[in-house]
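**Student:** Provided herewith is a single structure, encoded as structure tokens, for subsequent inquiry.
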Amino acid sequence: MFEIITGIISLFIHLDEYLPTLAASYGNLIYGVLFLIIFCETGLVITPFLPGDSLLFVAGTVAGFDGLNIGILLIILYFAAILGDSLNYFIGRFIGHKIIDMDLPMIRKEHLNKTHQYFTKYGPVTIIIARFAPFVRTLAPFLAGMGEMKYKIFLLYNITGGILWISTFLLGGYFLGSVPIVQDNMSLIALIIIFISLIAVGSLLIEICRFFGSCFIRKKK
């Protein structure tokens with residue numbers, strides 16, 4: 001039983017590696033699996049380990065070889081990304097204050113206030129850039145909800161970021177996946193994707209540290 005569970009978990013985590021074979025074997029069921037993976041990766045703060053960027057690129061590559069329909073992929077994954085972030089936002093909105101009320105030593109009311117100030121000032125750009133940063137894209141909507149970012153503003157940039165993210169990697173795989181040099185260097189492509197993601201993570205961390213650092217300095221004064 002344990003082996004079956006670990007096998008299923010491994011399949012979901014490494015779905016980007018198994019996708020071409022699964023698409024050929026299971027056809028339309030793969031659309032539902034892809035929707036679920038992207039929805040959970042963006043919508044549940046506890047599942048940032050699920051594949052995102054690489055999965056989208058491989059899915060686009062499979063579509064480029066007519067293994068999947070690129071139009072259907074774009075539509076269902078747009079919805080998966082947008083609905084996932086919205087769910088994560090509301091989880092943060094309704095659970096965030098309960099976490100604060102637990103009076104944990106590492107999470108205090110002033111932390112929530114600073115988070116609110118951050119998302120008031122940098123929320124829109126953070127929501128968009130976070131889409132391209134693994135782990136951060138799972139955490140950002142939760143913190144946006146916890147920091148009480150206005151949902152109308154969040155939704156606008158959630159939609160914008162979701163469409164940009166899905167389109168970039170899905171269409172990237174669709175148009176470039178069939179290029180021989182790309183096919184022969186998929187490991188290198190994966191490293192490039194990781195590098196781009198790290199740049200996004202780095203830029204966000206710099207802005208976050210700069211903001212919270214300035215708040216700390218002002219408080220000291």
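The values are calculated or read from the model by the stated rules, or taken from the named source; none is laboratory data. Note that the coordinates shown come from a computational prediction; the quantities given were computed from them, not determined experimentally. So basically every Cβ, Gly included, is an ideal-geometry build from the backbone, and we count neighbours across all protein chains shown.
**Student:** Residue by residue through the range 147-163, note down the ones that are surrounded by fewer than 16 Cβ atoms within 10 Å (Cβ to Cβ) and free of Cβ contacts under 8 Å to residues at least 60 places away in the same chain.
**Tutor:** If the condition is that a residue be surrounded by fewer than 16 Cβ atoms within 10 Å (Cβ to Cβ) and free of Cβ contacts under 8 Å to residues at least 60 places away in the same chain, then Lys150, Lys152, Ile153, Leu156, Thr160 are the ones that fit.
**Student:** On to the next question. Name the residues in the range 164-183 that are modelled with pLDDT of 90 or more, among the hydrophobic types (A, V, I, L, M, F, W, C) and more than 22 Å from Val125 (Cβ to Cβ), would you?
**Tutor:** Leu170, Leu171
**Student:** Counting just the residues of the range 1-60 that are more than 24 Å from Ser86 (Cβ to Cβ) and not in a helix (DSSP H, G or I), which one comes out modelled with the lowest pLDDT?
**Tutor:** Here the answer is Met1.
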